[in-house]
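Engineer: Questions regarding the structure given below will be posed in turn.
Any read-out appearing in this document is the output of simple, stated calculations on the displayed coordinates, not a laboratory observation. The structure displayed is predicted, hence computed values, not measured ones. Counting neighbours? That spans all protein chains shown, and the Cβs are built from the backbone with ideal geometry, glycine included.
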Amino acid sequence: MSSRKDIDLNELILCPKCNALHKKVQLESDGAAVCRDCDTILYRYRKRALEHSLALSLAGMMLLIVANLFPLVKIDLMGMERHVSIVSMISSLINDGFYIVGIVVSFLVLIFPFMIIVVYTILVTLLMTGAKYNLSRELLVLLSKILPWSMLEIYLVSILVALVKLMGLVEIHFGFSFWALMIFVILDIYLSKSIHIGELWELRERSYRGDR
């Protein structure tokens, strides 16, 4: 019976674009590993990435809370005012009988964005303190699964399109929450693009080895 050499799966990484399999290599500070086939960045290593991520995630959490606490816009039509917020929009869908649409929208623009920013904050905190090795792995897996389901940027674009069509017909007042939501979406896009999920796995390994 032939023996088979054991392969440590933690030393392998799959390219998210072309699915090419690579063996991980140790990176120097500010280095990046790219796919040999399609040049997609697999993971990076930046010495201050965790501190940078924690600051951005905390700022994003505060902005997201503000964006949901107050109305986004106030629409004034001949003295009749209506306040539009994320919660009121979901509530209107459910009250009008669009239960499935209301539930789906609540997950895409409310629940998943909150989950992502909370999971991100807890994960980065664990990596900085070097605590809860198994929990950090589960959070990373969860984060990679729910990241594609945050649709706040699409919701913001749909609001802007609707407001452009309404301009000239009604008087529109932008609330403080609207600007908070816009800043959050920009910050969220920057965070997801600048701190790749592969870099978080690399930072996790270095954090628990103690060489961060």
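Engineer: Return the distance in nm (one decimal) between the two label points of a simple spin-label model at Y190 and L27, each offset 7 Å from Cα along Cα→Cβ.
Structural biologist: 2.0
Engineer: Work out from phi, with θ = phi - 60° and the Karplus expression 6.51 cos²θ - 1.76 cosθ + 1.60, the ³J(HN,Hα) of each residue of the range 72-79, listed in order in whole Hz, and give x for Gly and Pro.
Structural biologist: Residue by residue, the range 72-79 yields 6, 9, 10, 9, 10, 10, 6, x Hz.
Engineer: Taking the dipole about the Cα centre of the range 93-177, with the C-beta of Lys and Arg at +1 and of Asp and Glu at -1, give me whichever of F176, I117, L156 is farthest to the positive side.
Structural biologist: My answer, from the dipole projection, is I117.
Engineer: With label points built 7 Å along Cα→Cβ from the Cα atoms of T129 and E81, find their separation and express it in nm.
Structural biologist: 4.4
Engineer: Report the antiparallel proportion of the DSSP beta bridges in the chain as a percent, rounded to a multiple of 5.
Structural biologist: Values: 16 of 17 bridges.
Once the DSSP bridges in the chain are tallied, antiparallel ones form about 95 percent.
Engineer: With labels modelled as points extended 7 Å from the Cα through the Cβ direction, what inter-label distance (nm, one decimal) is found for A162 paired with T40?
Structural biologist: 3.4
Engineer: Sum up the lysine pairs in the range 1-143 that clear both bars: alpha-carbon distance under 26 Å and a spacing of 8 or more or different chains.
Structural biologist: Details: K5/K23; K5/K24; K17/K47; K23/K47; K23/K132; K24/K47; K24/K132; K47/K132.
The result is 8.
Engineer: Quick check on the chain: helices-only [θ] at 222 nm, where DSSP H runs of length 4 and up contribute -39,500 (n - 2.57) each and the sum goes over total residues. Nearest 500, please. Could the numbers behind the result be given before it?
Structural biologist: Working: 8 runs with 118 residues, N = 212.
After summing the helix terms and dividing by residue count, I get -18000 deg cm²/dmol.
Engineer: Suppose every K and R has +1 on its Cβ and every D and E has -1 on its Cβ; what is the size of the dipole of the chain about the Cα centre, in Debye to the nearest 20?
Structural biologist: 600
Engineer: For the chain, list the DSSP H helices whose alpha carbon atoms reach 15 Å or more along the long axis and whose average Kyte-Doolittle value is -1.0 or above? Working shown, then result.
Structural biologist: Details: long enough: 49-69 (30 Å, 1.62); 112-129 (25 Å, 2.33); 133-146 (20 Å, 0.67); 152-166 (21 Å, 2.19); 176-194 (27 Å, 1.54); 197-209 (18 Å, -1.18).
Those that pass (Cα extent of 15 Å or more, hydropathy at least -1.0) are 49-69, 112-129, 133-146, 152-166, 176-194.
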